[in-house]
Amino acid sequence: MDVLAEVLRVSGARGALGVMLKAGGTWGLWLDSYPGAALHVVSRGTMWLHATGEKPLQVQAGDAVLVSPGTAHGIAGGANATMGSCDREAAARAFGDGRALRLGSAPAQTEVIVLHYEQDPEVRTPVLTSLARPMHVTARENAQLRRTVELLAAELAQPQIGTTAAINSIVDLLLVQFVRAWLARHPQEPSGSWLGAMRDPVVRAALAHVHAQPEHPWTTETLAAATSVSRATLSRRFRSALGQTPGAYVTQWRIDLASVRLRDTDEPVESISGAVGYGSPHAFSRAFRRARGTAPGEYRSLLRK
């Protein structure tokens, strides 16, 4: 079980191409806080990232920077550039007809591919929110990223049959590469971080069991046995890595799975309750109400209004 792949799949952590920017001279663009994460990939020239509470960050050709969900930030041609607001209508038109969005008064010297990542709001298991600060990965330190950026730029420069599918796959690949880079840089991530938990082999193994068989009647004791550690060890490691008990995580993931199925399928509540590991619809309804504040049937109705 590839836990990261499973969580990204269920959480719908998918990327979408925002727009290609071509800028020259003096330019700057302030981006309001966006609910998803933003990835800026520089395919040519140099740009500067400005994020609230952070020093301006220079991003060069072949580099990319991932900005965590909800972070207000700007991109510009210099460390002290004045930034105007984003013309969302112009950006939408450019994206719609495949044109680049041009900034500045001089001929373009910098090209930036702007991407966005969103996570399904029904899934509470955090992945992208673990990236608390902007993360900069350079082409020099990551040859795989450089090749991926080159591939993305080539697809955008010469669209052909299958380009849309190719871009979608490349955008998702970029996210995986950033997660790998983040894990390599944060060997001692503090508790409460889902990505940080991936560095603990005991917790990672336990999560693999939970995600492979969420319907299994897991308890801390049975999960510890499956992971070949004591109950006390598993509880301690889980709290240290995730800030919660194994039982709390199991419940959280089951409710995430159930929420998505309630919204996206017409399966009876009784069927969903068994599929996510509850012995009776009553037990499922009680757990779901505690987690989401309403009964499963009512929740489904609210989502479909």
Taking every DSSP bridge whose two residues both lie in the chain, the antiparallel percent to the nearest 5 is 90
With the charge dipole of the range 149-256 built from beta-carbon charges (+1 for Lys and Arg, -1 for Asp and Glu) about the Cα centre, the Cα from Pro214, Ala225, Leu183 projecting farthest to the positive end belongs to Ala225
Charge tally for neighbours of Gly277 with beta carbon under 11 Å away, counting Lys, Arg as +1 and Asp, Glu as -1, is 0
About the Cα centre of the range 107-265, how large is the charge dipole given +1 on each Lys and Arg Cβ and -1 on each Asp and Glu Cβ? Please answer in debye to the nearest 20.
-> 660
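Could you please report the charge total around Ala157, scoring K, R as +1 and D, E as -1 over all other residues with beta-carbon less than 15 angstrom from its beta-carbon? Spell out each step's value before the answer.
Values: positive: Lys22, Arg44, Arg99; negative: Glu111, Glu150, Glu155.
Computed value for this residue: 0.
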Once you have the Cα-Cα distance between Arg147 and Ala275, take 0.36 nm times their residue separation minus that, and quote the gain in nm to one decimal.
-> 42.0 nm
If one takes the longest principal axis of the Cα atoms in the chain, at what angle in degrees, from 0 to 90 and to the nearest 10, does the Cα axis of helix 231-242 lie?
-> 20
Extension reserve of the Thr222-Asp2 stretch, reckoned as 0.36 nm per residue once the Cα distance is removed | 77.1 nm
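Counting only protein heavy atoms and a 1.4 Å probe, tell me what percentage of the chain's accessible area is made up of carbon and sulfur.
On the way: 7510 of 14720 Å².
Carbon and sulfur: 51 percent of the exposed surface of the chain.
For the range 160-305, what does the alpha-carbon gyration tensor say about shape, rounded, prolate or oblate, given a ≥ b ≥ c as the root eigenvalues, a/c under 1.5 as rounded, and a/b over b/c as prolate? Intermediate values should be presented prior to the final figure.
Values: a/c = 2.14, a/b = 1.06, b/c = 2.01.
Oblate.
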Per the charge dipole of the chain (beta-carbon charges, Lys/Arg positive, Asp/Glu negative, Cα centre), the residue among Val67, Phe238, Val276 reaching farthest to the positive end is Phe238
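Compute the accessible area per residue over the chain, keeping the other protein chains in place, probe 1.4 Å, unit Å².
Working: 14720 Å² over 305 residues.
That works out to 48 Å² per residue.
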Note: the chain, point scatterers on Cα, Debye, no solvent; log10 I/I(0) at q = 0.09, 0.10, 0.12 Å⁻¹ equals -0.54, -0.65, -0.87
The chain, helix-only ellipticity at 222 nm - DSSP H runs n ≥ 4, -39,500 (n - 2.57), divided by all residues, nearest 500 = -14000 deg cm²/dmol
Once both axes come from the Cα atoms, what is the angle between helix 88-97 and the longest principal axis of the chain, in degrees from 0 to 90, rounded to 10?
-> 90
Heavy atoms of Met83 accessible to a 1.4 Å probe, total area in Å² rounded to 10 | 50
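The values are calculated or read from the model by the stated rules, or taken from the named source; none is laboratory data. Note that the structure is predicted; figures quoted are calculated from it, not measured. A quick note on method: Cβ atoms are made from the backbone with ideal geometry, for glycine too, and the neighbour counts reach across all protein chains shown. To get the accessible areas, we keep the full protein, side chains included, count just its heavy atoms, and leave off ligands, DNA and RNA. Shrake-Rupley method; radii C 1.70, N 1.55, O 1.52, S 1.80 Å.
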